[in-house]
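Enquirer: The structure is given below, and queries will be raised subsequently.
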Amino acid sequence: MKVDVIIIGSGAAGMMCAIQAGQRGRSVVLLDHAKKLAEKIRISGGGRCNFTNINTTPENFISTNPDFCRSALARYTPQNFIGLLQKYGIGFHEKTLGQMFCDQESEAVIAMLRGECDTAGVKRFMSCAVSEVKHDGNFKVSTSREFFEAASLVIATGGLSVPKIGATPFGYHIAEQFNIPITKIKPGLVPLTFTPDVWQPYVDLAGISLETTVSFGKQSFRENILFTHRGLSGPAILQISSYWQHGEALHINLLPDCDIEALLDRQKSSKKLLGNFLAQWLPKKFADVWCTQLIQNQALNQYNDKQRKQIAAKLHDWQIVPSGTVGYNKAEVTCGGIDTRALSSKTMECSAMPGLHFIGEVVDVTGQLGGYNFQWAWASGYAAGHAV
Ligand SMILES: Cc1cc2nc3c(=O)[nH]c(=O)nc-3n(C[C@H](O)[C@H](O)[C@H](O)COP(=O)(O)OP(=O)(O)OC[C@H]3O[C@@H](n4cnc5c(N)ncnc54)[C@H](O)[C@@H]3O)c2cc1C
């Protein structure tokens, strides 16, 4: 089948790209090896799809080339996507921090994108395994369903997270085939783990969550952390995991709103145990374990001035070194990917291989938690869809 555009990957980015190109009158085929369209949209946001963030700025994205995302994000904004939902009468609400969720199930967003694809004349091929991609002026794609040929090929196969619903390294392999550089990849927005000896004292705290500020380098997030059997999770940990570097410590401010040194000074004659005193602000079970591990859980009048200072410093800066992450099976995204220095920020086209485009998560642009990754998928898909 000879067409204008072949798009491989019918997730968020691939569908948006197909809609735009189809609406421009281009003949488009959208291929995916999975049985069902856009499985990640289906499971996203706990089944309610956090489809964008109304506070999106380029600063919400991680990339070795931080300015790359500016152009695409400026051309397709959260309001554009909200307008599309309104056209289809799909209700939505802001949950917190600009995070926009559907009122109904994520399936509504998939049905909307499917409807837009069909109206734009996009031909969809599911359960379509790609066996080979060649280029000899045109791109030639051999698959389990058909042989396709087009002047434009868009790779929208996403990252490595959640392989059980279809993630593969296909996009990176195509980049290697055409000598397009790839930056280092790693799981992002992912729970962190600790070695069994480090974590043993905290195992019984599984299920406890507390609001903290978690920092790594210049990046800080004020949100909950959640204790698990293997380590730490919760929104603040997922956020910082995308920035965290192996072997380095996380810095956790357990009492971001308290001047705990002053409060301890005021209680320096008290016979209250430190753990009981801290239980005013922290879960008691956590306070006891933490004190026992880091300083001994004594009566407040047992500590001298220097020790109270040290306790306060540790509470405001608990340093703990993760051993790793739970990996791609549980990660929401893949950080890193196609090196943006090889792509046009306006069209997502490879400068060294005209006609070849990369969009969405396969590219080295990773959003923070909160709807930013879909916004990048829509915006990069839109940019390529207007160029192919
Ligand atoms: C559990 C979970 C929840 C999430 N929740 C949110 C959220 O609420 N908000 C948010 O912004 N982000 C969320 N994300 C991240 C978001 O889903 C992704 O960043 C986004 O889907 C990326 O879009 P994409 O189109 O680039 O890739 P994908 O949506 O991953 O689509 C890639 C497509 O390519 C196909 N494919 C892969 N390999 C091949 C191959 N070899 N041949 C043919 N087809 C192939 C796949 O089957 C898939 O359909 C979540 C992620 C996960 C895992």
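The values are calculated or read from the model by the stated rules, or taken from the named source; none is laboratory data. Nothing here was measured: the structure is a model prediction, and the numbers come from that model. Backbone-built Cβ (ideal geometry, glycine too); neighbour counts: all protein chains shown. For accessibility, only protein heavy atoms count, side chains too; no ligands or nucleic acids. Shrake-Rupley method; radii C 1.70, N 1.55, O 1.52, S 1.80 Å.
Enquirer: Being more than 6 Å from the ligand (Cβ to nearest atom), outside any helix (DSSP H, G or I) and over 13 Å from Arg114 (Cα atoms) is the filter here; which residues of the range 32-46 pass it?
Expert: Selection gives Lys35 alone.
Enquirer: List pairs: first residue in the range 1-29 and closer than 14 Å to Ala387 by Cα, second residue β-branched (Val, Ile, Thr) and more than 16 Å from the ligand (Cβ to nearest atom) anywhere in the structure, Cβ distance under 9 angstrom, at least six positions apart or on different chains.
Expert: Cβ pairs passing all conditions: Ile19/Thr119; Gly22/Thr119; Gln23/Thr119; Arg26/Val3; Ser27/Val3; Val28/Val3.
Enquirer: If I ask for residues that are out of contact with any Cys (no Cβ under 6 Å at 6 or more places or on another chain) and open to solvent by less than 10 Å² (accessible area, probe 1.4 Å), which ones from the range 101-115 would you list?
Expert: Result: Ile110, Met112, Leu113.
Enquirer: Can you pull out every residue in the range 157-179 that is open to solvent by 10 Å² or more (accessible area, probe 1.4 Å) and either in contact with a helix residue (DSSP H, G or I) (Cβ under 7 Å, 6 or more places away or on another chain) or of a type in the set (A, V, I, L, M) (or both)?
Expert: Those that are open to solvent by 10 Å² or more (accessible area, probe 1.4 Å) and either in contact with a helix residue (DSSP H, G or I) (Cβ under 7 Å, 6 or more places away or on another chain) or of a type in the set (A, V, I, L, M) (or both): Thr157, Gly158, Leu160, Val162, Ile165, Gly166, Ala167.
Enquirer: Just one of Pro181, Pro201 is touching an Asp or Glu at 6+ places or on another chain (Cβ under 6 Å) and more than 16 Å from the ligand (Cβ to nearest atom); which is it?
Expert: That would be Pro181, the only listed residue that is touching an Asp or Glu at 6+ places or on another chain (Cβ under 6 Å) and more than 16 Å from the ligand (Cβ to nearest atom).
Enquirer: Moving on to the next point. Is there a residue being within 13 Å of Leu315 (Cα to Cα) and touching a residue at least 60 places away in the same chain (Cβ under 8 Å) anywhere in the range 273-288?
Expert: The answer is yes, given that some residue of the range 273-288 is within 13 Å of Leu315 (Cα to Cα) and touching a residue at least 60 places away in the same chain (Cβ under 8 Å).
Enquirer: Being within 15 Å of Leu37 (Cβ to Cβ), within 16 Å of the ligand (Cβ to nearest atom), out of contact with any helix residue (DSSP H, G or I) (no Cβ under 6 Å at 6 or more places or on another chain) and not in a strand (DSSP E or B) is the filter here, so list the residues in the range 118-134 that pass it.
Expert: Scanning the range 118-134 gives Met126, Ser127, Cys128.
For every residue, the table says whether it meets (1) among the hydrophobic types (A, V, I, L, M, F, W, C); (2) open to solvent by less than 10 Å² (accessible area, probe 1.4 Å); (3) under 23 Å from Ser161 (Cα atoms).
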residue	(1), (2), (3)
Arg230	no, no, yes
Arg266	no, no, no
Ala299	yes, no, no
Leu315	yes, yes, no
Val321	yes, no, no
Thr334	no, yes, yes
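Enquirer: Still on this structure: Taking the range 232-264 only, how many residues are part of a loop (DSSP other than H, G, I, E, B), open to solvent by less than 60 Å² (accessible area, probe 1.4 Å) and polar (S, T, N, Q)?
Expert: Result for the range 232-264: 1.
Enquirer: Going through the range 181-202 one residue at a time, which ones are open to solvent by 10 Å² or more (accessible area, probe 1.4 Å) and closer than 15 Å to Asp364 by Cβ?
Expert: Pro181, Ile182, Thr183, Lys184, Ile185, Lys186, Pro187
Enquirer: With respect to Ala384, determine if the residue is more than 18 Å from the chain's Cα centre (by Cα), open to solvent by 10 Å² or more (accessible area, probe 1.4 Å) and within 30 Å of Arg24 (Cβ to Cβ).
Expert: no
Enquirer: When you go through (1) charged (D, E, K, R); (2) open to solvent by 50 Å² or more (accessible area, probe 1.4 Å); (3) more than 14 Å from the chain's Cα centre (by Cα) one by one for Lys40, which number turns out not to apply?
Expert: In the conditions (1) charged (D, E, K, R); (2) open to solvent by 50 Å² or more (accessible area, probe 1.4 Å); (3) more than 14 Å from the chain's Cα centre (by Cα), Lys40 misses (3) alone.
Enquirer: Oh, and also: Among the residues of the range 9-21, what is the count of those that are more than 9 Å from the ligand (Cβ to nearest atom) and open to solvent by 10 Å² or more (accessible area, probe 1.4 Å)?
Expert: 1
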